[in-house]
Every structure is written in C-alpha cells, then in structure tokens.
Amino acid sequence: MTSNKKYWKSVEELKEDSSIVETLQQNEFVEPIPTDEFLGNKETLEASSTTRRDFLKYVGFSTAAASLAACEGPVIKSIPYVVAPDEIVPGVANYYATTMADGFDFANVLVKTREGRPIKIERNDLSKNGGSVNARVHASVLSMYDKNRLQNPMVDKKEVTWSEFDTAVAQKMNEMAGKDVVLLTQTFASPSTSKLIKEFTAKYPNVRHVIYDAVSSSEALDAFQNKYGTRALPDYDFNKAEVIVSVGADFLGDWQGGGYEAGYAKGRIPKNGKMSKHYQFEANMSISGANADVRVPVTPSQQMKVLQALTGGSASGLPENVAAAVAKAKAHLQKAGSKGVVVTSLPDVQAQTMALNYNANSVVMDTAKPRMTSMGSTQEVTNVMNGVTTGSVKGLITVGVDPVYSFPHPKFAEAYENLEMTLAFSMKPDATASAAKLVAATPHYLESWGDVQLKKGTFSIVQPTIRTLFNTRQFQDCLVRWTGNGDKKYYDYLKEFIEGSVLGAGSWNQAVHDGVFESSASLTTDADTTNSSELQLESSTSNGAKIDPVQENKEGMELTLYTKTGLGSGNQANNPWLQELPDPITRATWDNYVTISAADAEAMGIENENVANGGLDGSYVNVTVNGVTIENVPALIQPGQAKGSIGLALGYGQTAGIQEEMQTGVNAYQLYSGFKSVQMGVTLEKAPGMHEFACVQLHNTMMGRDIIKETTLEIFNTKDVHYWNAVPEVSKDHQEIPVTSPDADLWTSFDRSVGHHFNLSIDLNACTGCGACVIACHAENNVPVVGKDEMRKSRDMHWLRIDRYYSSEDTFESDLEKKENISGLGSSLSEYGEMENPAANPQVAFQPVMCQHCNHAPCETVCPVAATSHGRQGQNHMAYNRCVGTRYCANNCPYKVRRFNWFLYAENDEFDYHMNNDLGRMVLNPDVVVRSRGVMEKCSMCIQMTQKTILDAKRDGRMVKDGEFKTACSAACESGAIKFGDINNEESEIHELKEDKRMYHLLAAVGTKPNVFYQTKVRNTNEA
Amino acid sequence: MQKVKFTNLPSIVSLVLLAVLLTFSTQISAQDSTATAAADAAAATPAASGVGDAEAGKALFNSNCAACHKLYKKATGPALFGVSKKYDREWLYKWIKNSAELIASGDSKAIAIWEEYNKSPMTAFPGLSNTDIDNILAYTDTEKSTPAPTDVTATSATGGGDGVSNNIILGALALVFLLLIVMLVLVNGTLKKIAAANGVVYEEKEKRTPIWRAFVENQFLVLISAILLLLTAGYFMYGYFMQVGVDQGYAPVQPIHYSHRIHAGENQIDCKYCHSSARKSKHSGIPSLNVCMNCHKNIAEVSEDTYAMGKEEYGVDYNAEIKKLYKAVGWDETTQSYTGETEPVKWIRIHNLPDFAYFNHSQHVTVAGVDCQTCHGPVEEMEIMSQYSPLTMGWCINCHRETNVNVAGNEYYKEIHEQLSKKYGVDQLTAAQMGGLECGKCHY
C-alpha cells in the first residue's frame, strides 16, 4: 500500500505561494548552465564542416597515429671525450677528499664523482675528529647545482667580465683610501686565507677585518679566550663521559659547531653493564633533550640558576621539581668526578666561564686542541652594524655572509644601500648581493681550493671536484690578484704556503689525497689576531648586566632561537632536500614556527588541530621582542617545551635569490638582538587565521605498543632477556609458541644459508635522530622532492623516515602500565583517547624505519603482476617497470614504508625542484633509475651498492671482506646506529649484532621475519 | 552474340611482367681495378739513379721506416722520395745508423732536420748494413705511380655505358610489349567485327551464382574464415607489437664512416684495445679520439687496395673519413701537430637499453669471460656497425639460463659454488641458479 505522505524538503514548501519554491521547481540547476555560450552561435556551428562524428573520428585517428609514431625510437647521441682524462672511466665512480667550510658547517668529506660530476657526499674515514657530516653537509652537493646561483661578477647590477670587475674594484678601493672600510667575513678557519687577508689589509690600511658568524658563539669564545688565550672553542669527547649535564646546549644538534654525536653514541651503548647518564635542562625540545635520560624543561632564566647550582651555588629560586633534579644531577656529577661534564649554550660570558671552570678537570673537555671553526665577536660585529647605520663605516666588503638578511637591525638594509662602497662575495644573489654595487660571484666549495684548520693542529685541504660551473672566482683568488701577485693562482699560493709553513716533511699530494693531516706548526691565525676585542670585551663584561639578557628580569615570555637540522643558519635555504627534511622533533617540513607549551597555548587560545584531510593546522601569533614584531608566525604546540618559553628557528624567511617554493617561514634573525640566542620579555599575541603545516607524523604516541622496545639499565643488567625483550607468542593447538618458530608459519622458509644474506641493524640507543641518513638516501636513490602541498597530504617520498614517539605518561613504561590496566569498554575508550596525547614533558624515542625486507613479505603475495619479489640475498626487490600501480602492496605493508609516485616528479613544471632543470639533474645517481608516475617505490637496501661490492670482489677474484657491504644510510650514520652486513659471514659484526640479546624485530608478532632488526633502547635510570 | 572474355588479359600479363622485371633488375656496376696493378708494376721497376734492390728495400722500408716515414708525404718524419739525391750517401749512412750521434757531433744539416721536426729523435738503426740502406734508398727513389688518366676515364666511360645500355634495352623491350598489346587488341576487335558481319552468334552462358554469393550463403565457411582472419590478424598484431622498441639490425649512418671490418677484422685489433672500459666499467665506452690517434697519427691514408675496395663496395672514401677524424681531434697533418681546435664527434648510439635495466659490461667481459661477439655478433665482419641481438629481456634471460658460471680460479665463487651445486645436484651452475634471474639484479 502506498502512503500519501508528503515529504518536505524545506519549510518554505509549506507556504503555498512561495516564489522561491516556484523558481526552484522550475530550475533544475542552481546556476543556469551556459549552453547558449557554446551552442547559441548558430552561424559558427553551421559554418563548421566538422560534425560530431567527424570530430570523434579525428580524435580516434590522431590518437592512433600518435601512439604509432611513439613506437619509433629516438636517436640517441653518444659523444666521447676528444682526449679522455686518465682518471675518468665512464661508469666508474671516483672519490675525492675535500672539506666543507661554509662558516656554519665544517666537515671532512669524500665526494663521489661520476664522469666528472660530484653526485654524493660521504664521510672521510681518515678524519678522526673532522667535524660532523650532518644532513646539511650531505645535501650540500645539491646546492652546487642550484640554478639560482650567481653566474658572473656584476658591477651596478650588470654582468661584467672579471678583468672589468678587477678594474672597477681597484678604482673603488683607491677612491676609498683613508675611509673606513670593513671586510666582514665568515669564519674561514683557513691559515692561508688569514695570511692573504693580512696582505690585503697591509696594502689597503683603511680596511679592517671583522669575522661574523651568523649564528654566534661569541660568549663561549670570549670565555675561552679569557681563560686560555686563544679565540676558539673547547672540544669534547663524550665517549669518555660518565655523566653529561647539559644546560640548554643542544650538543647533538648544532651547538658550537656540532659533530659530537659519534662520541656520545659510543658512550650510550651499554657495555659491561655501563652507559653514560645524560641530564638535560632546556627550554625547547631539542635532539639532545630527546636523547637524554632525564630531561627537565626549564626556561632560560632558570637555566642560569641551574648552572649556578650545578657549579657550586645554591638552588634557591628554582621550582621544587627542578631543584630536585639539579640536586640529583649534581650528586651524580660529583660521583663521576673527572668523568663528568657540564655544557651550556647560555649566551653569557659568565655562564660559559662557569662551565669552563667546572670542566677544567674533566677528561671529556680538550682545551689543548680547541676547535677553530667559530671566531666571530659580537662586540666587533655590533660595532660594524652600528657603524654602517650611523655612517661612520663608509664601505663594506662581505664574504660568505649575508648581513642585510641576518643583521638584527631594522635600518641596516637601507643604510647598506647608501654606503659608498659595497662589495659582496657571494655564491647566490642573496639579500646583500642583490643590494651591493659590486658583486663577485664565488664558486661552491666543491669547485674551490682551500685549507681549513678545524682543530688546532688538524688541517684539512679543500680541493675542487669539478671545474667551475659558472664564471666564478673564489675570494682567495681575488685577493691573490688584488695584492699584486699578477696572474698567480690561489692554488700556487696555497701550495707554497702549506708546503712551506704547515706540512713540514709531509707530501702535498698525500695531503690532498687524504684531505686531512696533522701538523704541529704554529701559525698566527684569526684566532690570535682578534685580540683587539679582548679589551673591549672586558669592559663589556664589567657592565655585563646591561647587555646580558639572561639575567634581566623582564616581563613576558622567554624566546630561545635555535637552528634546525634541516636549514641550520640558512646558508642552504634554496636546497629542496633540506626544506623537505622533516624536523626530527616536530616532524614538520618546509617551515619554521613558534614552539609553545600546551599550557601556554591553552591560556592564549592557540590551537593545533588535524583537519579532515589529515593535515595539521595551527594558529598564527605575532611575536614582539624589543619593539620588533614579526607577524603571523605559525605556532606549533610542542610537548616538553618549558612553560613560559617559546622557540623559533633561525635561517628561514629568506626571499632574495631563492625560488618561490623555498621562500618558507619567517626571518627570526630580526629578533636576534645582540646576537644572543636567548631573548627575554617577549610578547606573544594570537593573530587571526590558521596556518597549514606539512607535518609527516600525525600520531605522536605509541600508546603502549611495543613498536620501540625500551628498558632501563637496571632491568637490562639484572633481569632475564625474556623479561625485557620477549619474543611474541601465538597460540597453536591451544599452546603458546614463539612467533619465530617454524610451526607458526603459513609458509615454508627458503634456505638462505648459501651466499650473502643481508641484514640491517639499527641501534635505538645510538640513533640521535639527526637525519643524515635520510638525505644520504635521497642522494643515493634519486628520491624525488614533492613539495609542501604533497607533504601535507602524506605523499612524502622518503624511503627512510625517522619516526619520533612521545610518551603520553611521564615515561614509555608508564604508558605500558596504563595500557595493561585498561579493563572494559568504558575504560578503554576513555584511556586510549587520553593516551593519544603526549605528556607535558614526555620521553622521546627515535626510530628509523625503512623497508624491512621481510622474508615473509606481505607485499609480495598481493602484487597482481609480481612486480615485487624476494631475492636470495634477503632483499625485497621492486621492479618499477613491471608495476602497474594498484597499491595493494602499500595497503598490505604493516610498516607503511612503500611510497607511491602520484605524479611524475622529474621534468614536470608542477614540481619545479632540482629534477626539473638540467643543472639539478646532474646530481642524479646514474646507477639508479628515476621512477615514473604510477609506480610504487621503496627502500631497495641499496642493492646497487651491494651488487657493486660483489662485482668488485668477483673482478678481483676474492671473498667480500667484512665491513665492505654498505648502504647509503649505514655509510652516512655518524653515530654508528645503522650497521649493515652479511649475516651468513659468521665473523661479521652484523652477525654478532643479530645474536645480541637486545635484538628485536619490528612488529615481530605479525610474523613477517624482517631482514631489518632493531636493538632495544636502554635508558639509564641509575642514580648517584 | 558471342562474347569473348578476358580480351585484355595479355596486356595485363605483360604489364605485370614488366613491373617484375623492373623491380628485380639490379644495377650492375663493372668497374675494373686496374690502377693497383699499375702501381705495383711501377714499384717493381728499379730506380735509374740508385744502386740496390728496390724490392728488398721495400720490405726493409715497411718493417723499419714506415711507422714514421712515407714516400711522398710528410709524416712524423720527412717524405723520403728523392732523399738520396738531397743528401750525400755517406752522410745518410751515418744519419740512419745513429742520428743522435750525428746531431751531437754538431753537423749543421743534421741539426737543421732535427729542429725542423720538433726535435723528435729518429730511432737509431745500427743493425742496418750499408747494402740494406742502399736497398731502402733504391726503394725510396721509386717514382710515384700515377695511374694513367686515360685508363680511368676509359673505365668510367664503359661503366657508365653499361648503365645506359641496360636502360635502353629495357625501354625497347617495354615498347615491344606495348606494341604487341596494341596489336592484339586491334586484332581482337577486327575478328569480332568479322564475326558479327558473318552472323556468328555466341552461345549465352547459363547464369551461375557468383562465387562471393555462394561464400556468403555458406555460414560455416564464413565463420571459419572469420576465425582464421582474426587469428592471422592477431598473430601479426602480436608480432608487430613485440618488435616495438626492439631495434635488432639498427645500423644508423654515423658521422664518421668507421669500419669495424678493417679494424677488428683485417687488422685484428682487440675489441678491448679501444673499448677498454668494458673490462672495468658498466659501459663499454666509445673510445675517445686520443685512442684513435694512437695509430692514426701515422696512418693518414689507407692502403690502395683498401681504398679501392671502399670506393667500390661501400662507396666510401676512407681517406676522407680519416680527414674527418683529424678535423675532430684538431690534428694538422702538414705541421704534424695538434692545433687545439677540437670538435667532438657525435656518434649515434646503437645499443640502447632502457633506463630501468642495469647492465654491466665488466661483469660479463671480465668476470664471466663472455666474448664480445656473443652479444654483438661478428663485428669484425661489419663494415657498418649494427645491433646484432634483440636486447630484449627474454634474450637476456635465455642466456642466463643456458650459460654456466665461469668459476675457474675465482676465489669469490669457490665457496658459494660448492654449496649451491651440492644443493641443486649439478656440476656446473648456470647464471640463473646463481640468482641471475632475480628481478632486482637488473632492475633498480
């Protein structure tokens, strides 16, 4: 029976004579469809001889014709050398040792070149303590192939030849005679350059040399210089430390040049029941804090008190929990004696001196061979900055620094343009170079010669690995020419200098080959010559309270400016690899932002929310420091951020000479007043609108699952392995059997005992989350850059990601307890919900995850075209040319490591990164294919590298030695967390690691039998 | 009325025949090589002025002097024709036996030569006796044999004449056929007229169902033939699509006509002398021009036999091709020095593997010891290099299945081969059994 019910679509329909209802009934569509526009013009329609059928025919035929034409192969040309260089064999890589020294990153590296093109940076194993090959150093090779680089010298914005440029400079220098000209340079740490600069200033006595570090360590340098006489930074070997207490210092990050993770990681691997203990008192959540055993969030002003308390003073004025932690740390330090060390990053000479004095007896600190990689003096740089703005400085020559961008003075840019002489040596048209009247285009370090004294007595050689790509000339070459050496090259000058003054009996060729050598030659360097600052410095410390922000007691929040793993000081902001590298802590890409504690955020109404498409959105804030305001800075709620403090990363917000896509973030240097990383009296106000973050990890907690296995040193030492690293069990015939037992398998296993069987070990104790492996993987495997929008859609292409987990309780252990105690539906709903939120001061753990190369791989069984299959050597192969893009494999992968090419990322204007221009494509590894649209890709366990190692052994007719097998990530890992090798070789390190009792497989309960295994993280909870 | 069928049949037949004839008739060239013989004859005549045996001298010259000297042209050293007249014979003995000594002694003539030729010392030949030197000098006094110009024009004239006469004969034949056809048509018409006039009536034939209608009406036959047609079409379609991107036999025209036949075949130069990177790299490498110049610094011209053969069989002027090399590498023949003006040669790549397939020459050449010819075919017989193998995946895999791994004396294989052959129960492992069929071994 049908009902006569009437359904109303709206209340309006109840009215009988509603005009709206009438019109709506008439009009099917809300807006009229513009049929008239294309059918209305009868004349054109009739005039056209093409009927619809004809049109379809044309389309059909032209498609067929096009596809037939496509069957014709293209003509490919091969152009050999006219005279081939002896050392180049097409298809075989050459390695050259050189050194990166861009004023912020200093590292001894090996450069892999193919057919004369540098394509990858690797660590130089000959270098014992030559800085850190971090993510930025790995990515620096791409910065060379930057199409936005300066290609010619310029006079008044017009490109000129070098001889014209030389004339212009000579003329200008003569004009400037007697006027104050400042030569503002980065820290070169280069003895020969110091000598050249001295020759230059001798020729032009009106020029004075000032060193400027964009990210300053001036206070630490002052403290060291006062105490030890050299303007340098002490070196630390954290391997020797039993107790490490850091007050604000992110020494696993970029603190004082960084590069301490290798020593630190060695001390963190439990050996004979012992490992180092690490206390961290800090405001921002840093990598060091994330790795610490005890992390206490304290604001910078409290950090000063913490440091005082640690080094002998009283803990008065500190909150109770902080005071307790300080007391424990102090007791522990005392117990450790000379094996304890205190480090701090407080921008205060007094604080730095306290730490130095405390460490004077520590075996961890080395003052005899200090680091020479930072020499800038805030006092002098401030003088220059003020001199330019007040007009007392008439000319400015900048080398490798960008003061117009990075000086915290609102009027500086304007004053700079009004200077009588502006000469900028720069690789890129940055803010300074684009305003300068004379611009000298300089080469990348991979195209230059040079020498670097990283540590006192340890020298490194910089050698070019490719001919200059553009018409560039390095600063030193210009100086050689301008100081009246005629046509002499800097290379000759350098060789003479090194052979004459440094090498002694050593051979120049050997030095260039090794890239590093030690020498006890005593040299006068910038470190010794900047003594002039000392006097001023003392005067400044006497009234230090005035310039020292740390001790000031201003109202408002406290800002800690920091550098990110990706961009650092911002030298390489135009590098898409670094922009896309997720921050180890926040996992956000392509951005800088204010990090703020959850409590402060709530008080100010600042929100972070995940929107429907999965992306993370955050409120905007306006940040004001000392009257300088940056508007619309996105705010990100950071678990572990000290209440009352905020953080903001330097190096972002560049616009000059930078591709539009990479003009990300805000320029935090504007707030870097007094070149101090800590700023007090910061006001924050919420601004309207929401910012779209490109964050690659949205679920921040593990919720008590055993993705990362963790235990304490005490349990590790005392309890049985089954207690803290149990193999999951499954039920078979009502009996619990371990999941690794063959009875628990659906499949029979292949015999893998013959030949190689590759395994990868990742030690969660050693992994600091630095991200060097991610960039190394990018470079080795031609991983594309997808851009911010795609990252936000979780379409990142990283083959290797470093997951970061926060505990939702105070520790991961209490998470586990909480999960175990959940009973009943109500409890589970509410408590699981709570566990999704990280704690205010969470424990943090890092876990690199790449394809696990399962022996029983779930992806392989679901591929309809058998595009992914297993090799005997343990690698899970992916045949891109066979893949049809069903993505079943990605859906079936429990580790979510497969990456789908949603688009064509190479030669596509929509993705205008390095793969879209000829210059950028030169960085591609010719041994690995560039994937096309619609195929799945993933970590191959660097099969091109293992195959190469095997082939080399075959050609030589020998067995493969242990340690020869490498992957890009294992080779890049500074801390030794990632190890790779052949487990069928029973003498190998990897075989030993596989038998280690800390070994576990990720999600072992699934039974995938991965070839990647992890070492349980052990935390040192022991107290003094 | 009687009806004569196929009246124009003869004309059709003749046209078809003609077409066939024209298609298959090839240009027959008949150039004689008389020039070389003339040259030999001239060389055999002893020189009027000298003493000594020119025949023996030629042999000595070729083995000792030809590397640096030519008779009528400057090479590394001066042209030697007429050298016995230019210098005193005693002086020549001294110079040839030890030129360095002569220069050292301060002989002005010797120093002049030495300086003229970039101070490159001439090898001393203390082993040559005065008679030997006489013989050589006798040979160097041989007049350059220029083939009589009349001969050349004569041969080319007859050659051209052959071509013309062939065409004339063919044209005449075609004309005759045409005449015959016209005549037949005319005769047929006349006969018909006569028949009509005589009242002969042709018998009307019974109308039969046309064959196509019979075919259409037989549905079984239609079905069968449709299936056949589809299958054939399918077969050819498959064949067509399978050859897309397979460039077997690809032999592009190269910027320099380089003959592998001469180099690898006649001169027996090892492949890996020029393609040296095949031993240690994934690429076999196209030799850089400095490798060519290792030999071609001294070989500016091919031998006359070779030259003639190139002209006749391949229509190539080999000497002109060597000039192209000199231009590219910037070699000035007159001064025997490099000008520095280079112009890299843009060869056309013949063997193209797709990007997603990884192939390593050294694995196959050095480790496995596979002959180049296994994949590249009889290169030493190829005048123009062409792709011999299909380079398809099936072709690769097939070889991996059939080829045993070359383990002899290779420490790397010792253990793995022992274990694997035990596992598979074979004496010799194939590449496939070693894991040579795994996807990831070639695709990454």
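The values are calculated or read from the model by the stated rules, or taken from the named source; none is laboratory data. Everything numeric in this text was worked out from a predicted model, so none of it was measured. Because the Cβ atoms are built from the backbone with ideal geometry, glycine has one as well, and the counts that use them run over all protein chains shown. For accessibility, only protein heavy atoms count, side chains too; no ligands or nucleic acids. Shrake-Rupley method; radii C 1.70, N 1.55, O 1.52, S 1.80 Å.
So, B:Val291, is that one without any contact (Cβ under 8 Å) to a residue 24 or more places away in the chain, of a type outside the set (Lys, Arg), under 30 Å from B:Lys73 (Cα atoms) and not in a loop (DSSP other than H, G, I, E, B) or not?
On the way: without any contact (Cβ under 8 Å) to a residue 24 or more places away in the chain: yes; of a type outside the set (Lys, Arg): yes; under 30 Å from B:Lys73 (Cα atoms): yes; not in a loop (DSSP other than H, G, I, E, B): yes.
For B:Val291, the condition - without any contact (Cβ under 8 Å) to a residue 24 or more places away in the chain, of a type outside the set (Lys, Arg), under 30 Å from B:Lys73 (Cα atoms) and not in a loop (DSSP other than H, G, I, E, B) - is met.
None of A:Ala656, A:Ala642 is assigned to a loop (DSSP other than H, G, I, E, B) and surrounded by fewer than 22 Cβ atoms within 10 Å (Cβ to Cβ) except A:Ala656.
Okay, residues lined up against (1) outside any helix (DSSP H, G or I); (2) of a type in the set (D, E, K, R); (3) touching a Phe, Trp or Tyr at 6+ places or on another chain (Cβ under 7 Å); (4) within 24 Å of A:Ser426 (Cβ to Cβ):
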{"site": "A:Leu454", "(1), (2), (3), (4)": "yes, no, yes, yes"}
{"site": "A:Ile461", "(1), (2), (3), (4)": "yes, no, no, yes"}
{"site": "A:Arg467", "(1), (2), (3), (4)": "yes, yes, no, yes"}
{"site": "A:Val480", "(1), (2), (3), (4)": "no, no, yes, yes"}
{"site": "A:Tyr493", "(1), (2), (3), (4)": "no, no, no, yes"}
{"site": "A:Gly500", "(1), (2), (3), (4)": "no, no, no, no"}
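Residues in the range B:289-308 that are open to solvent by 60 Å² or more (accessible area, probe 1.4 Å) and not charged (D, E, K, R): B:Asn294, B:Ile299, B:Ser303, B:Tyr307. Of the strands (runs of 3 or more DSSP E) contained entirely in the range A:82-128, those carrying at least 1 residues that are open to solvent by less than 50 Å² (accessible area, probe 1.4 Å) and farther than 16 Å from A:Gly515 by Cα fall at A:106-114, A:117-123. Before we move on, is B:Gln373 within 24 Å of A:Thr949 (Cα to Cα), open to solvent by 30 Å² or more (accessible area, probe 1.4 Å) and either facing chain A (nearest Cβ under 9 Å) or out of contact with any Pro (no Cβ under 9 Å at 6 or more places or on another chain) (or both)? So B:Gln373 does not fit the description; no. When A:Ser316, A:Ser345, A:Ser286 are checked against the criterion of being over 22 Å from A:Pro234 (Cβ atoms) and out of contact with any strand residue (DSSP E or B) (no Cβ under 6 Å at 6 or more places or on another chain), A:Ser316 stands alone in meeting it. When B:Ala251 is tested against (1) open to solvent by less than 60 Å² (accessible area, probe 1.4 Å); (2) more than 14 Å from chain A (Cβ to nearest Cβ); (3) under 30 Å from B:Val345 (Cβ atoms), exactly one condition is not met: (2).
Do we find a residue being open to solvent by 50 Å² or more (accessible area, probe 1.4 Å), in a loop (DSSP other than H, G, I, E, B) and within 14 Å of another protein chain (Cβ to nearest Cβ) anywhere in the range B:256-268? Write out each step before concluding.
If we filter the range B:256-268 for residues that are open to solvent by 50 Å² or more (accessible area, probe 1.4 Å), which is where we start, we get B:258, B:266-268.
Add one more test, that the residue is in a loop (DSSP other than H, G, I, E, B), and what stays is B:258, B:267-268.
Keeping just the survivors that are within 14 Å of another protein chain (Cβ to nearest Cβ) gives B:258.
Within the range B:256-268, one or more residues are open to solvent by 50 Å² or more (accessible area, probe 1.4 Å), in a loop (DSSP other than H, G, I, E, B) and within 14 Å of another protein chain (Cβ to nearest Cβ).
Looking across the range A:609-629, the residues that are open to solvent by less than 10 Å² (accessible area, probe 1.4 Å) and either part of a strand (DSSP E or B) or closer than 17 Å to A:Leu561 by Cα (or both) come down to A:Gly618, A:Ser619, A:Val621, A:Val623, A:Val625. Scanning the range A:897-929 for residues that are within 14 Å of chain B (Cβ to nearest Cβ), part of a helix (DSSP H, G or I) and either of a type in the set (Phe, Trp, Tyr) or open to solvent by less than 40 Å² (accessible area, probe 1.4 Å) (or both) turns up just one, A:Met915.
When A:Asp720, A:Asp743, A:Asp751 are checked against the criterion of being over 34 Å from the mean Cα position of the chain (by Cα), farther than 19 Å from A:Cys854 by Cβ, open to solvent by 10 Å² or more (accessible area, probe 1.4 Å) and without any contact (Cβ under 8 Å) to a residue 24 or more places away in the chain, a single residue qualifies: A:Asp720.
Could you check the range A:765-883 for helices (runs of 4 or more DSSP H) lying wholly inside it with 1 or more residues that are touching a Phe, Trp or Tyr at 6+ places or on another chain (Cβ under 9 Å)? Passing ranges, in order: A:772-781, A:788-792, A:812-820, A:858-862.
Would you point out the residue of the range B:394-425, among those that are farther than 22 Å from A:Arg882 by Cα and away from chain A (no Cβ under 14 Å), that is most open to solvent (accessible area, probe 1.4 Å)? Spell out the reasoning first.
Of all residues in the range B:394-425, those farther than 22 Å from A:Arg882 by Cα come to B:402-425.
With away from chain A (no Cβ under 14 Å) added as a condition, the list becomes B:402-404.
Working: B:Glu402: 131, B:Thr403: 53, B:Asn404: 75 Å².
Residue satisfying both the conditions and the ranking: B:Glu402.
I'm trying to understand the selection: among the residues of the range A:953-973, which are within 8 Å of another protein chain (Cβ to nearest Cβ) and under 13 Å from A:Ser988 (Cβ atoms)? If the condition is that a residue be within 8 Å of another protein chain (Cβ to nearest Cβ) and under 13 Å from A:Ser988 (Cβ atoms), then A:Met959, A:Val960 are the ones that fit. Selection of helices (runs of 4 or more DSSP H) fully inside the range A:295-400 by the criterion of at least 2 residues being farther than 30 Å from A:Glu420 by Cβ and open to solvent by less than 20 Å² (accessible area, probe 1.4 Å) returns A:300-310, A:320-336, A:349-359. If the condition is being among the acidic types (Asp, Glu) and either touching a residue at least 40 places away in the same chain (Cβ under 8 Å) or in contact with a Phe, Trp or Tyr (Cβ under 6 Å, 6 or more places away or on another chain) (or both), then the range B:215-248 contributes only B:Asp247. The residues listed here are A:Lys793, A:Lys818; of these, the one that is surrounded by fewer than 19 Cβ atoms within 10 Å (Cβ to Cβ) and over 22 Å from the mean Cα position of the chain (by Cα) is A:Lys818.
If only residues of the range A:870-895 that are of a type in the set (D, E, K, R) and in contact with a Lys or Arg (Cβ under 9 Å, 6 or more places away or on another chain) are counted, the one that is least open to solvent (accessible area, probe 1.4 Å) is A:Arg872. Contact map, the range B:118-140: first residue at pLDDT below 80, second residue part of a helix (DSSP H, G or I), Cβ cut-off under 7 Å, separation 6 or more or different chains; pairs are B:Pro121/B:Ser99; B:Pro121/B:Ala100.
Test B:Tyr238 against the criterion of being more than 30 Å from B:Asp371 (Cβ to Cβ) and open to solvent by 90 Å² or more (accessible area, probe 1.4 Å), and give yes or no. Answer is yes for this residue.
Could you go through the range A:983-994 and let me know if any residue there is within 14 Å of chain B (Cβ to nearest Cβ), of a type in the set (A, V, I, L, M) and crowded, with 19+ Cβ neighbours inside 10 Å.
No, the range A:983-994 has no match at all.
I need a count of the residues in the range B:321-363 that are of a type in the set (A, V, I, L, M, F, W, C), at the interface with chain A (Cβ under 8 Å from one of its Cβ atoms) and not in a loop (DSSP other than H, G, I, E, B). So the answer is 4.
Tell me, please, whether a residue that is of a type in the set (S, T, N, Q) and either closer than 23 Å to A:Val133 by Cβ or touching a residue at least 24 places away in the same chain (Cβ under 8 Å) (or both) can be found in the range A:812-835. No, the range A:812-835 contains no residue that is of a type in the set (S, T, N, Q) and either closer than 23 Å to A:Val133 by Cβ or touching a residue at least 24 places away in the same chain (Cβ under 8 Å) (or both). Take B:His275 and tell me if it is surrounded by 15 or more Cβ atoms within 10 Å (Cβ to Cβ) and either within 14 Å of chain A (Cβ to nearest Cβ) or under 30 Å from A:Leu951 (Cα atoms) (or both). Here the answer is yes, as B:His275 does meet what is asked.
Only one entry of A:Ala435, A:Ala424 meets the criterion of being surrounded by 24 or more Cβ atoms within 10 Å (Cβ to Cβ) and closer than 24 Å to A:Tyr204 by Cβ, and that entry is A:Ala424.
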